[in-house]
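Single-structure report; data block below.
The values are calculated or read from the model by the stated rules, or taken from the named source; none is laboratory data. All figures in this text were calculated on a predicted structure; none of them were measured in a lab. Note that we place each Cβ from the backbone using ideal geometry, even for glycine, and neighbour counts take in every protein chain shown. Calculation scope for accessible area: heavy atoms of the full protein, side chains included, ligands and nucleic acids excluded. Shrake-Rupley method; radii C 1.70, N 1.55, O 1.52, S 1.80 Å.
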Amino acid sequence: MNIDLNGNTLIQGYFSGIGEELTALNASNLTTGTVPDARLSTDVTLQGNTFNAANQLVQLDSVGAVAIAGYTGTPSVSPTGCPKITVNPGGGVGTRSAQNFMIWMTDYATGNPGAWNFDNEPILRFPNNNQGEDAGYLVFYNKGPGYSRAGRIDLRGGTYHGTSAYSGDISMGGGSAADTHGGAVVTDGGSVAGAHGGELNLRGGSSYPGGSINLSNGGGTIALGTGNTLTLPNATGTVALQSDITGYLPLSGGTLSGSLNITPATGEASLKIISGDTDSYLQLGTAGTSYWTFFSGADTDFQLAGPTGSNLRISRTTGFMSFYKDAAFSGALSAGTFSGSGSGLTGIPLSGLASSGASSGEVPVWNGTAWVPGTTAGSGTVTSVGLSIPSVLGTVSGSPVTGSGTLAITAPTMATGAFIASPAGTSGTAVARTIVASDIFSILSAAMDTAFGSAQGNVLQRTASGWSVLAPGTAGQVLTTNGAGANAVWAASGGGTSVQVPVRQTALSGAVNATGQGNCLTTGSGFQPGVTTNAGSDPLTLAFASGFGSSGNVDYVEQITADQATYWSALPANNLSFLAITRTGVGSLSPYATLAPPQYGYAYNPTAQTALSLNNKSTDDFGNAWTNASVTFTGASPQIAGTQVGVFNGSSSRMSSTSFTTLGVGGWALRGWFKMGSLASPQGLFQFCNSANNLGAAVLVSSSGKTQLNLSSNNSSWDIANSTAGSITMTTGTWYFVELTFDSVAGKYVLYINGVADQTITSTSRICRINTGYVGFNNPTGTNTWLTGNAQGFEFLPYCQHPNGTTYSVPTALADVTAAGYASDWFDISFYTLKRIAAASASSGVNPTFAAVNRVYVGEATTGASTVSSIVTYAYQGKYSTGFIPTLPGLSAAVSYNHNIGTNLLSNPLLSLKCLTADQSYVAGDIVTGWGGYNPSPDYVPVPLTWTSKTIGFSTMANQAWKTVYKTGGSIVVITNYSYWAYQITVQRGF
């Protein structure tokens, strides 16, 4: 025995004793020796240690099936675990050439075949392997000598406990798939002479009918060999359906389909129909549509009835043939005499009448007995017929006629221009005379009254389509021609002509408010402003300037004389619109509205707007000068189909312009299409700024794809927005429509991405002075930021088109500067003509092409979410005065008034003081200009007036509000009695 350091013990030799203390022995280490049978468990069968041979154990395979000696296939196990025997040809599945296997049931005692007994509805199944093999056969045959029978399948039901039992079924149905066929019951008699076929007997019992042969669902056929009979039972017995029909077809409501060939025997009828009813008939065709029926009625008449309305009846007793509807014969009809009145004969053409014995021109004439050919001319003589007429009508010849003859009248000979009428100017016997003036007046006047009406004041004129009447105009209007090719119209006195007006290009007069200011515009209904004339008592009178002519000013005056509840079309919501009236002809006015504020000046200002399409060009449609730094163009993948876009390289490419000085005092927008090719660094989109410090308005996209907005109003810091970040994430390779707009109505800045608000900054502060615009570049924080990618369709608009952060649909085309309302109109003071843009600028530094239009701007309208919230009527004749307002403002006071002239191009603004109570040498009624004061005396300055296009006002100083010159001595005096004085502001348009 050896013991090592690990506690392992090695023993060589034998153990003795019972070994009851030995535990956890591992028998797998026993590699040699035997175990006595006495040591084995009772669960171990003590047969030999080989299997599946004679006198050996049966060993189940890996699936629990019984292995059969000499069999190479795989036995199967039933679903319930009971073994079954499966016999398969040794050749394997799908092999038909292998030897068949059979299971024989033999009675070893007698040597006779045994029997298979199945209880409780068992199944003897011969399945195939589902791979094109046939199922097995159940074969009963007798191979013995002599007259012997094969086996049979007996499926009879019996009586069990006195109850009824049904026989079994032989099922030979095909499968459910397409092109499967049922089996066949074959009772061949054999191939040698004297062999008989079997029977298929469907006999019933003594009180029940026999079985049936069902040929449904497409049907099969019953084939009868030569000389065979198909017996069909009926109520009186059986009849035979044979190959030659000499009997009858026993049909009661039945139907024969397909064709029926009938070959009668000699002397037999081809088709005989016998009915027990009163009427018998044969119908050919489909009832109710197109068919013919032959039938014989009770009166033995023969009748032929076709589709509704076609009937023929021949009476066998009278021989008469009658038609129940109109009958037509296409061929000749030969007959004897017709009888009857013939009153029903209509529509017979005369060409069908016999012409025998008649001559040309003759007609049927009744001679008292019959109709015969004759003429219509009368015959006979007269005694005396005479005719006389007035000589003015002509002469008569052949009068009188005695016996026979002809009377003739010859027209009279008349002088040129003569006509037959009553005596001139009176009634009387007709005479031949020439036309006099009274004839024309009376006849023509009556004719015109009939043709054109008799209303007093009507004017007859020739229009393009014919003569027409121009209805009377209103009092004070004049008839004005529009020249060749146009109709005359009624117009206000002087309208359509060169007239003298106190002020040109303005509303001259109309309805006013309590202070005398213009008040002709109304908020109307919804988004549609209107015009009031106070029911016509205060017509709106307009002066349209149209330049100059050889006689001086050319102006047209037109009026709106009736109230217009809704004159303009619907305006955009939440915005400021400019209202105008356009003259298109004499007396023809139409409303016009736009977001673009009109320009007034001696020169057009292109920097108020820009349209830089970048469609293979660097020029601006308004003529602004842009510098192209390394920007190229491509037609690959543009946002607007069929255009080209600018290509920016991310390091040196940009568009820049030094034309711009301001973004304006109202609303505005900077916008365009951009596509970024990289976000490795921030992307500069656009910036309008003061180049000295880059302050103004700038938009870039950070590396995270978020917008960054910078806005400055004080020109010293980003006081409105300092690099504020958006929420929408932008990606590379995608086009984005980016718009930064200032909404002056709501007082907010909105940055949109594809029409959706990305940032909103609430502020009424305007952007500071600018002098440079960039596209594809900016530098808001001291670092140059370039665009890597593409841009197209950049615009600067002098208005806010998309206010209040409301989502909108982005443009689908590049801007058209000629579109109505897109660009500002310009009133050219030099030529005193309002002009609209008719074509884009042809090159840098050149204005767009303009076209003259008669249009006067009359006011402004501010809209809310659903209505016009406020309205402004521009000052009539371009003039304004506050009137004298008592009591001067005190120290550090500010006042403001609405002049509503509609332009900041004003002249002669004047602040006047009026003495109400004697003060500082002035007496009541004296008027002087006002001066402001400043200590130490004698320093002083005039009180400054400040104004916009609609307001004007002033502010007083903090030390001495008012000073003036002593009336009698010329020294400067201070006004301290503010209530002794009143003030007034007057101003007028500067052109």
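Pop the C-beta distance of T662 and A852 into the FRET formula with R0 = 30 Å and round what comes out to the nearest 0.05.
With R0 = 30 Å, the Cβ-Cβ based efficiency is 0.60.
Might you report the magnitude of the Cβ-based charge dipole of the stretch 606-817 about its Cα centre, with Lys and Arg at +1 and Asp and Glu at -1, to the nearest 20 debye?
Numbers: 8 positive and 8 negative charges, 52 e Å.
It comes to approximately 240 debye.
Taking the accessible area of the stretch 878-989, probe 1.4 Å, and keeping the other protein chains in place, the carbon and sulfur fraction comes to 54%.
Residue ranges 513-526, 805-818, 873-886 sort as 873-886, 513-526, 805-818 when ordered by packing (mean number of other C-beta atoms within 10 Å per residue, highest first). Please give me, ordered by residue number, the chymotrypsin sites (Phe, Trp or Tyr not before Pro) of the stretch 642-727 that lie in loop per DSSP and have at most 12 other Cβ atoms within 10 Å. The qualifying sites: there are none.
So what's the stretch 627-701 giving for Cα Rg divided by 2.2 N^0.38 Å, two decimals? Walk me through the numbers before you get to the answer.
Details: Rg = 14.1 Å, N = 75, 2.2 N^0.38 = 11.3 Å.
In units of the 2.2 N^0.38 Å rule of thumb, it is 1.25.
Computed from the C-beta positions of S896 and A838, the FRET efficiency with R₀ = 56 Å rounds to 0.90. Dipole orientation for the stretch 841-991: of the candidates Y980, T867, S955, T867 has the Cα lying most toward the positive pole (charges on Cβ; Lys, Arg +1; Asp, Glu -1). Dipole magnitude for the stretch 878-989: about 320 debye, using +1 per Lys or Arg Cβ and -1 per Asp or Glu Cβ, origin at the Cα centre. Taking 0.36 nm per residue of separation and subtracting the Cα-Cα distance, full extension of the segment from T434 to Q477 would add 11.2 nm.
Amide H contacts of L579 (H built 1.01 Å from N, in plane; Pro and chain starts excluded): V858, G859, E860, A861 sit under 5 Å, all sequence-distant by 5 or more or on other chains. In this structure, A562 and V385 have a Cβ-Cβ separation that, at R0 = 56 Å, corresponds to a calculated FRET efficiency of about 0.15.
Counting other Cβ atoms within 10 Å of each Cβ, which chymotrypsin sites (Phe, Trp or Tyr not before Pro) in the stretch 946-990 have at most 15 and sit in a DSSP loop? Of the chymotrypsin sites (Phe, Trp or Tyr not before Pro), the ones in loops of the stretch 946-990 whose Cβ has at most 15 other Cβ atoms within 10 Å are Y966.
Within the accessible area of the stretch 606-817, the carbon and sulfur atoms contribute 47%, probe 1.4 Å, all protein chains present. Built from the Cα atoms of the stretch 606-817, the convex hull projects on average onto 9.9 nm², one quarter of its surface area.
Mind ranking 912-925, 790-803, 360-373 by how tightly packed they are, going by the mean number of other C-beta atoms within 10 angstrom, highest first? Walk me through the numbers on the way to the answer.
Numbers: 912-925: 16.3, 790-803: 23.9, 360-373: 9.7.
Answer by packing, highest mean first, reads 790-803, 912-925, 360-373.
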